[in-house]
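Structure first, commentary second.
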Amino acid sequence: MKALEVRSISKMFPGNLANDNISFSVEKGEIFAIVGENGAGKSTLMNIIYGIYTPSGGDLLVNEKEVKIRSVEDAIKLRMGMVHQEFMLIPRFTVTQNIVIGDEPHKGIFFDYGRAVREVRELSERVSLVVDATAVAGDLPVGVQQRIEILKVLRRGAEILIFDEPTAVLTPEETVDLFVTMRKLQAEGKTILFISHKLKEVMEIADRIAVLRRGKLQGIVNKKDTNEEELARMMVGRNVVLEIPKVDVEVGAVAFACHDLHVRNKRGYETVKGMSFDVRGGEIVGIAGVQGNGQDELVNAMIGFSHPVSGSMELNGKNMRLVTTAQLRKEGMSYITEDRARRGLVMPYTVRENAVMGQHLGRPFSKGIRMDYDKLAEFAEGKVREYDIRPGDVYDTAGSLSGGNQQKLILARELSLPHNFLIASQPTRGLDVGATEFVYHKLLEEKKAGKAILLISLELSEILGLSDRILVMFEGHIVGETTPDKTTEEALGLLMLGVGIDKKVQS
Amino acid sequence: MSESNFTTKFLKIFGIDNRGHNRRDPLNVWVPLVSIVLALIVSMIVIAASGRNPFRAYALLFGDSGLIPGGAAWRREFAELLIKSAMYIATGLSVALAFKGGLFNIGAEGQFWVGAIVATFFGYWAPVAHTFGAMYAALGSFGWIAQLLHGAICIIMGMLAGGAWAAVAGFLYVKRGVNIVIGTIMLNWIAWFLITSWLVTFNGPMTPASQTFTFGSFYVADTAKLLRIMMPTRLNTSILLVLLAAYATWFLLYKTTIGYEIRAIGYTANIGMETPRAQGINISRRIMQLMTISGALAGLGGCFFILGMQYQFPGTAIMGYGWTGIGVALIGQSEPLGVVLAGLFIGALRTGATSMQVANIPKTFSNIIEGLAVGFIALQVAVRYYLVKIIQHRRARRAPPAGQEAAV
Amino acid sequence: MNITQINLTIAQMLDYTTPILFAALCGVLSESSGVVNIGLDGIMRFGAFFGLLGAFFSHSPWIGLLLGIAIGCLVGALHAFITIKWNGDQTVSGTAINVIATGLMTYLLEYVFSTTGYSPQLQNYFGAQAYRVHLPFLVKVPLLGAFSDLSVMIWFGFICTVLMHVLLYHTVLGLRIRTCGENPKAATTLGINVFRIRWFAVIAGAALAGIGGAALSISSFSGFSDSMPNGVGFIGLAAMIFGKWTPFGALGAALLFGTGQIVQSLIAVTGIAPKLAPGLTLILPYVLTLAVLAGFVSRSIAPAADGMPYYKEQR
């Protein structure tokens, strides 16, 4: 029997078709994996199934009956349970409290904590998920916290369990435990949906695998009929390759170098686990990797938002491990971000005001504390022309520009600051072909001017087209170093997804 | 064209050009206006519900508020209006400036009183008072210079004190993560009680030893009092000073690097301030500077209270100037010009409210109108929502339906 | 200083403590669900006046109390409407309530009683002997002697503290309230209606503030004074913070701050160091609160989602 069927499901967000006519079905007792790159639409699809979003089109069937899932309560009533990627736990509460909230055992209006603890212990034993029922959730390791999430959904009688990137935060040992749990649940007749981009694991645990790419369903395969390489190919696929001219520049001195860099993320986990590389003037070094493998934390360390736990970082030979962003910029760091709203621009500020941020102190834009807004306008107008930012009014707010024009504004600003080391983090995200070409053109100009450029991107064609050297980042390490002429998209894709790490692709 | 040339050049000296900083959203002006109108309407209902004549009440309120010229007492009322407004504008600027930087400085009240008490001190403190007293006598008909200088010293010290008081809250926020709202509220009361229960109580350090009924601190020297203008009313230079301060605030916000960075911080305050940080802006330093200047503005208001009106720190002082400043800043949408207008409006309400007593309405009724206006501004999401709906509705009625156009 | 004087002083201290306690409890409940309410000073003012109103015209303080509760609920509903339904800024809304309360109560005082400054005296109020809770067996007990003859509001305060503790930490509803204050997103995924729970917490809390205000006018004093509540609401806010957002913590803090309030009279009675600046004890609540907030490195004593508006379909 089909436990869950998805029929022609689509979801439209402003400016983005996240799910495009997706149809598949999942048999009862199956472990069904959904894989795809970031932005492929996996999370959106799961949120639709779980009632957090309503689909723009299509139907859902549970146990072969058509249903309308408009809220999380509806989903729970249909015996679905979701274990989110971001845990929905209250760190201050105990394990038991976290598990039973919303379905508390009670004597009248009173919360029967004793019985709750007993019930949690019983459940925990029954499904062999060991937890300390009275421990404080916030003190527990991540693997155990995830078990709490699983127990939460099981308690509500979930027959269909949805796991959203469950292994993203687990250690290898915890992952093994998780898979043991999943097999046990399967043996009990539960159906499991499993979202991941870690192909190795998917191949280990899943029965069938669906591949999503750019919102569309690429295909469904049986595990025994496929392998990691084929999955990677389906995930990565062929993008429209832009003609990027080859530019040869003589490589200069080392601008940026880091050695055995370790960086922690906001939760305190190390996500950069000993990276060493350098970038020289006149070269573009591309870091390829799936989102979530430590790139964000690496960038944070490089721009001074966080300090590395250990390891060294040097800009132009000077030690830059414990400095502020302002000092890094003074030393010549420029940064193009993909997070335009939070990091790139001040959206309510006009084009005029955004264009000079970073060099607004000092001449020619200010004398002492007095700022010359006319000079700002002049400068901005020049940049608007140079970068073809539309519409061309420097008094428009940055927020009113399209994504592509916002990115151009960021570029204009960053490239006009005196710098010799440029960090370009996903510089063409959300841009159309024309804007993307423009960005590439500018980056190559920078290269010709002898700047050292570090390009971090999720688009392999971009990496291959622009980089002189390519580093592949996986789980906080550099797992491969090569050059564009010595590798292919598929090879890179495999490395990015952790396939065949043992055999490094040597340059 | 040519006649605008001179004016344009003249204004440019002060940095005023007609190049706006943003595409102004007309709703920004409508929201406070609508809030005020709604507040007035609701207040009318309250008056009517209590059996009094709202129209007569409002006629008295606005007629005697000093806003409407004509009538025998207008000069005096106008003077009162300006005297009161000066203080409200000062605290309003204080709160507005902090808002621009993303901070909710509720401490304008405490900073106001700290400024007041320090100004009082330098107004009567023997070494200072005697020096200027002597200078005044020596200068003869130029004695007003001594007054200017003494007043200036009191004001500067008062502003520094207010700024320092605010800086404490800023420091606690920046270095120890103490929420600005809570921090400033606590400091309000600390300042208030320190002043009213210690410094200015019977036999307190700042009160004369022998006092009978009316009490308060020492009186400030004559040379410390703000100069009178527009005799024979009580009007003093405070209104001029505060307009200068408003201009300076505007200049700070829109013509200096400090203001540029502060506004960038304020715009991104809700999303983590990462953009200014990524551009190397020193957020902690700017926040400290912001709080200090904000406190200084509130302290200026306190100086007006003492040096312009009371000439001593009265034992009968009651809180309210800082709280009103919050309302003024909200109604003025945190823009210096808006704050001036809002301050004048509230000043008018307070001035006219005294006359409302003739209609049997207590003079604190203006608080109700004010509070309601603030309440409606709190609801500004709702107000905007409905305003937008109304605008869309009217546009839809004026434009021909799309189908007809296509058919042609 | 003899036993009677000590008992009297303690009784007076408890009298000061009660409105602080109610204000603090209001804050605890409201902020436990994630909604900040700095308007509780204004709500107390509403409660003080309307409590007096009810007691005056019905000659029964109980009616006054009921009216105080009712007006608290009403104003609380307003705050909830602005902050929960329309996601209005919680601080601005609270400020609006404070400002309206200042003007409106003065207006009503004049309108109803044709006086300014003080309302007419109440003959029948909780402070009167007829309404006190008499526990004669305690008279001989040292220290506890103070508890032998207290206003019913004080006992009510203790009971509310216990009830709130039980509510928050032993009932299903309490657990859900706290969940909304910690992680409203998680609460939603568990099927909890965050909006409804917050409405409840805000209104119930405001009712408590209303009681606190009524306690001032119909228990501690026998009438409404136009300066009520004299900033007591903010001391309550401080007590809530100092008590780490828990009911018993609030009680302890309120007792501490209540003691500070009457230190003057203590000094007068015992004759200790009249030179000790009296203002120092009055500022104690605020200084202590700042010290507590500044001293904790991890600011995790407040409910995690306190003060943050919650939008549905947050991504």
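Readers should treat all values here as calculations from the given coordinates under stated rules, not as data from a laboratory. Bear in mind the structure is a predicted one, so any value in this text is a computation, not a measurement. Here Cβ is always computed from backbone atoms with ideal geometry, including for glycine, and neighbour counts include all displayed protein chains.
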Query raised in the report: GNM on chain B, C-alpha springs below 10 Å: top fluctuator among B:VAL358, B:VAL181, B:VAL328?
Result: B:VAL358
**Report entry** chain B: most fluctuating residue of B:MET231, B:MET157, B:MET309 per GNM, C-alpha cutoff 10 Å
**Finding:** B:MET231
Query raised in the report: Seen from all sides and averaged, what is the projected area of the convex hull of the Cα atoms in the stretch A:61-206, in nm²?
Result: 9.5
Requested in this report: Whole Å is fine, so just give me how far the alpha carbon centre of the stretch B:120-183 lies from that of the stretch A:152-196.
Outcome: 68
Query raised in the report: Of C:THR171, C:GLY103, C:MET228, whose Cα points farthest to the positive end of the dipole of chain C (charges on the beta-carbon: +1 Lys, Arg; -1 Asp, Glu; origin at the Cα centre)?
Result: C:THR171
Report task. Quick one: give the max-minus-min coordinate of the C-alpha atoms of the stretch B:244-336 along each principal axis, largest first, in Å. Result -> 50, 23, 23
Query raised in the report: Can you give the angle from 0 to 90° between the axis of helix B:238-255 and the longest principal axis of chain B, with both taken from C-alpha atoms, to the nearest 10?
Result: 50
Query - Residue-averaged 222 nm ellipticity for the protein assembly as shown, from DSSP H runs of 4+ at -39500 (n - 2.57), nearest 500 - result: -16500 deg cm²/dmol
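Per residue, what volume in Å³ does the Cα convex hull of the stretch B:307-366 take up?
Details: hull volume 6.3 nm³, N = 60.
In the stretch B:307-366, the Cα convex hull volume per residue is 105 Å³.
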Requested in this report: Averaging over all projection directions, find the projected area of the Cα convex hull of the protein assembly as shown and quote it in nm² with one decimal place.
Outcome: 57.2
Query raised in the report: Excluding the sites themselves, what is the longest stretch of chain C that contains no chymotrypsin sites (Phe, Trp or Tyr not before Pro) in a DSSP loop with at most 15 other C-beta atoms within 10 Å?
Result: C:1-295
**Report entry** Point-charge dipole on Cβ atoms (K/R +1, D/E -1) for the stretch A:2-236, about Cα centre, debye to 20
**Finding:** 480
Query raised in the report: Helix C:90-113 sits at what angle to the longest principal axis of chain C, using alpha carbons and giving 0 to 90 degrees rounded to 10?
Result: 40
Report task. Using only the alpha carbons of the stretch B:101-146, determine the length spanned along each of the three principal axes and report them from longest to shortest in whole angstroms. Result -> 49, 21, 12
Requested in this report: Report the one residue of B:ILE361, B:ILE391, B:VAL374 whose Cα lies farthest in the direction of the positive end of the charge dipole of the stretch B:336-404 (charges on C-beta: Lys and Arg +1, Asp and Glu -1; origin at the Cα centre).
Outcome: B:ILE391
Requested in this report: For chain B, calculate the relative contact order in percent as a whole number, restricting contacts to Cα pairs under 8 Å that are 6 or more residues apart.
Outcome: 32
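Hey, could you get me the Stokes-Einstein D for chain A, Kirkwood radius over alpha-carbon pairs, 37 °C and 0.692 mPa s, rounded to whole µm² s⁻¹?
Working: Rh = 25.0 Å.
Using the Kirkwood radius from Cα pairs, D works out to 131 µm²/s.
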Query - Degrees, to the nearest 10: B:54-63 long Cα axis against longest axis of chain B - result: 60
**Report entry** Cα-only Debye scattering, the stretch C:138-235: base-10 log of I(q)/I(0) at q = 0.23 Å⁻¹
**Finding:** -1.16
**Report entry** chain A: DSSP helices with Cα axial extent of at least 18 Å and average Kyte-Doolittle hydropathy no lower than 0.0
**Finding:** A:142-155
Query raised in the report: Any idea what % of Cα-Cα pairs in the stretch C:42-194 are farther than 26 Å?
Result: 48
Report summary line: In whole angstrom, the spacing between the Cα centers of the stretch A:336-405 and the stretch A:240-299 equals 27
Report summary line: Cα-based Rg/(2.2 N^0.38 Å) for the stretch A:345-417, rounded to two decimals, is 1.00
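Between A:LEU322 and A:THR181, what length in nm is gained on full extension when 0.36 nm per residue of separation is reduced by their alpha carbon distance? Display every interim value, and only then the final one.
Details: separation 141, 0.36 × 141 = 50.76 nm, distance 4.33 nm.
Between A:LEU322 and A:THR181, full extension yields an extra 46.4 nm.
How charged is the neighbourhood of A:LYS2? Take every other residue with its Cβ under 15 Å from the Cβ of A:LYS2, and add Lys/Arg as +1 and Asp/Glu as -1. Let's see the in-between values first.
Working: positive: A:ARG7, A:LYS28, A:LYS65, A:ARG79, A:LYS190, A:ARG208; negative: A:GLU5, A:GLU27, A:GLU30, A:ASP59, A:GLU64, A:GLU66, A:GLU159, A:ASP207.
My count for the surroundings of A:LYS2 gives -2.
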Query raised in the report: What's the Kirkwood radius of chain C in Å, using all Cα pairs?
Result: 19.9
Query - About the Cα centre, charge dipole magnitude for the protein assembly as shown (Lys/Arg +1, Asp/Glu -1 at Cβ), debye - result: 2220
Report summary line: Here the net charge surrounding C:ALA24, from other residues whose Cβ is less than 13 Å away from its Cβ (Lys, Arg +1; Asp, Glu -1), is -1
Query - Radius of gyration and Dmax over the Cα atoms of the stretch B:26-390, both given in Å - result: 21.1, 69
